[in-house]
1. Nearest 5 percent is fine: what portion of the DSSP beta bridges confined to segment 51-108 is antiparallel?
2. Identify all lysines with a Cα-Cα distance to residue 327 below 21 Å; exclude those on the same chain that are fewer than 8 residues away in sequence.
3. When we measure straight from the Cα of residue 117, which lysines land under 25 angstrom away, once same-chain ones fewer than 8 places off are left out?
4. Under the classification rounded if a/c is under 1.5, otherwise prolate if a/b is larger than b/c and oblate if not, where does segment 129-185 fall, given a ≥ b ≥ c as square roots of the Cα gyration tensor eigenvalues?
5. For the chain, what does -39500 (n - 2.57) per DSSP helix run (n ≥ 4), summed and divided by total residues, give at 222 nm, in deg cm²/dmol to the nearest 500?
6. Taking the beta-carbon count within 10 Å as an exposure proxy, list 187, 346, 235 from fewest neighbours to most.
7. Please order 347, 80 by the number of other Cβ within 10 Å, starting at the fewest.
8. If each residue's Cβ is checked for other Cβ atoms within 10 Å, how do 6, 177 rank with the fewest at the top?
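Since every read-out is calculated from the coordinates, none of them should be taken as a lab result. For clarity, every value in this text was computed on a predicted model and none was experimentally measured. Positions of Cβ are generated from backbone atoms using ideal geometry, with glycine treated the same way; all protein chains shown enter the neighbour counts.
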Amino acid sequence: MFAARRKALLDAMGQGVMIIPAPPTFIRNNDVEHEYRQGSDLYYLTGFDEPDSVLVLSTEHPEHRAVLFLRPRDPERETWDGPRLGAERAPDALQIDAAFPIRELDERLPSYLENVKRVHYRIGLDRRFDEHFLSAMDVVRMRARRGGEYPSEIVDPGVLLHEMRLKKGQDEIDVMRRAAVITREAHLAAMRAARPGRFEYEVEAELLRTFRAHGSERPAYGSIVGAGPNATILHYRKNDRRLEEGDLLLIDAGAEFGYYASDVTRTFPVSGTFSPPQRAVYDLVLKSQLAAIAAVRPGATIEGVHEETVSVLVDGLLELGLLSGDKQQIVEQGDYKKFYMHRTSHWLGMDVHDVGRYHQAGAPRPLEAGFVLTVEPGLYISPNAEVDPAFRGIGIRIEDDILVTSEGHENLTFDIPKAVPELEAILAAR
């Protein structure tokens, strides 16, 4: 699979060299590092997850189309940190042409850039690695004085690579389905754990426990567990409030499995039943989400999905008396944004906000089979909003992961309950 991806990328490159360094490790406190996660681009092309590594792809080298620089074997360090693949074993294990210790990067990298016109490298992403790249470029320029060429074009690898990543193959879709299954189990566990008197972090703990218990390497992002007024904070993170009778609990959490993300939000009443105002707002958000999901098909656009969401929400907000005036004017002026201030969708894949352009030639790009996007409308009515007091402090978001298919779409997270009778039945059985 990884070799096939590299071949497809090399074929698309035409002539040139691509350099993809692993992201650096970061110190968390003193000599303890943050958990390391390989960069998505490097993992996508190799399946290799060690730090201190650099992938070089070349259409110009006579023998080496795929070369990896990586940490050498070191029995002493491996006693502390675990086994390393090492340069000797890497070619067979990863199906690449050559591998060298990372300490040889500065010596060897210039040779891969000689007589090359175009190099694909993202300057500015990792300033420390920029020094290695720019140093190699200086060496090649000096050598070119004696004849030969040096790169005169530097291109962001994402121009090709991220477009490849945007369109998911069947193997990727299968992994994303597994991430969705794990996420379902975690949301169900959280629903069963949530009750008045417990804390948001206790519910979060159930999410994390369930992710790991089902083989997820890590959460796809920091989980949001916001009760009561905290549900109106879009990127709430503290997760330390006590759940109270009458609260809604908004949970935005997804598992990462095999380096692919799930991204799901559910909102439900801690005490087991929605109050009439909560039910009215919830029904509106759900209606808008179902309409938006129905709009997902090849040829549609994320912009069109968002417009469908906004249209349904504004109709409902007018009906509830939370907005007043002319619908078209409200939409054009963005008056609805005091209750719905974010977009409806983003790409989903190895990154929770995955790579790939949203526009082409200045226009929203048409959806294609193999794209995966979220659909996540919400309404967030501040506790201080100038509305009927019965609606103040209500925050609701409902989010699913949608695969575009040749016939239309598939909801990868369809079986995570969101209909009111389903939710209330689960809560009643706690």
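1. 50
2. Cross-link targets: 287, 337, 338.
3. 7
4. prolate
5. Taking each H run of at least 4 residues, the total per residue is -12000 deg cm²/dmol.
6. Fewest-to-most ranking of 187, 346, 235: 235, 346, 187.
7. So the residues, fewest neighbours to most, are 80, 347.
8. 177, 6
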